[in-house]
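Data block below; observations after.
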Amino acid sequence: MADLEKKVSEAVAEEPKEKKLEWGKKILVVAFFVALLLIYLLVPSVHQWVNDVIVMFKTGDFDEMRAFVAQYGKWAVLISSLLMIFQSLAAPLPAFFITLTNANLFGWWQGCIVSFVSSMLGAALCFYIARFLGRDIVEKICTKGALLSIENFFEKYGKKCILVARLLPFISFDVVSYAAGLTAMDFWGFFIATGIGQLPACIVYSYVGGMLTGGAKLLFTGLLCLFALAITVVIIKSIYNARQKKKEEAKNKEA
């Protein structure tokens, strides 16, 4: 009895420590982003650079993006990685635009490595931002409607949703990562599913993208969308059939 009371008292004593640690992590994350915001607002060169990046993202022009990254010479890999992470956090641009740029600039397999590693870092960052800061902050970063739609899909299909989302270029990379961080999903389950879904797409986009120039890129973009749509239809159909089969089995058991 004495041992049980001791364990209970120890558990009660540890709980406030865990809460303090959790709040400490949140404060550090918030302080980090506040510092970034202040740098953006107070340093003119940084302010101009970020605005130029946003304008470039909005154009969706491969050649412009390639020229922007290439101008940094030996620092081009770092700049490209930062752009991919930035895209993962907030920019409304599919990641495969940057993947194509990396393939054109660095060669298909080197570009693939840069794109894959930086996109995984971005996904992990989004996940932990959501996990530490909570729903209120995430809703300010991405739209509430987009977040709800992904969360509803998660409730139905779980980790399969992440695998599907990572294969499709027109599904928001950052919203999926943020939404995953708000669920009870463990980080490594999310990270592995992201890696499995991201790697084949990254390889394909890099290999084909490395050979594209000029107007062929627009054709490739259209073919990618059609291919992704076909994959979506097949996967959704298979998931639907599986759910219907489970319902029928449940009805048969009840009967």
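The values are calculated or read from the model by the stated rules, or taken from the named source; none is laboratory data. This structure is a prediction, so every number in the text was calculated from the model and none was measured. With ideal geometry, Cβ positions are generated from the backbone for all residues, glycine too; neighbour counts draw on all protein chains shown.
Restricted to segment 55-95, and to residues that are among the aromatic types (Phe, Trp, Tyr) and within 17 Å of residue 119 (Cα to Cα), which residue is modelled with the lowest pLDDT? So, considering only residues that are among the aromatic types (Phe, Trp, Tyr) and within 17 Å of residue 119 (Cα to Cα), the one modelled with the lowest pLDDT is 57. For the residues 82, 147, the requirement of being without any contact (Cβ under 8 Å) to a residue 40 or more places away in the chain, surrounded by fewer than 18 Cβ atoms within 10 Å (Cβ to Cβ) and under 16 Å from the mean Cα position of the chain (by Cα) singles out 82. If you check 43, 55, 50, 34 for being of a type in the set (A, V, I, L, M, F, W, C) and surrounded by 13 or more Cβ atoms within 10 Å (Cβ to Cβ), only one passes: 50. Among the conditions (1) of a type outside the set (S, T, N, Q); (2) out of contact with any helix residue (DSSP H, G or I) (no Cβ under 7 Å at 6 or more places or on another chain); (3) surrounded by 21 or more Cβ atoms within 10 Å (Cβ to Cβ), the only one that residue 67 does not satisfy is (3).
Exactly one residue out of 123, 76 is in contact (Cβ under 8 Å) with a residue 60 or more places away in the chain and either among the aliphatic types (A, V, I, L, M) or over 28 Å from residue 162 (Cβ atoms) (or both): that is 123.
Restricted to helices (runs of 4 or more DSSP H) entirely inside segment 146-225, those with at least 3 residues that are under 18 Å from residue 134 (Cβ atoms) and modelled with pLDDT of 70 or more are 173-182.
Pairing residues of segment 45-60 that are free of Cβ contacts under 8 Å to residues at least 12 places away in the same chain with residues that are surrounded by 12 or more Cβ atoms within 10 Å (Cβ to Cβ) and in a helix (DSSP H, G or I), at Cβ distances under 7 Å and at least 6 apart in sequence or on separate chains, gives 46/39; 46/40; 47/40; 50/40.
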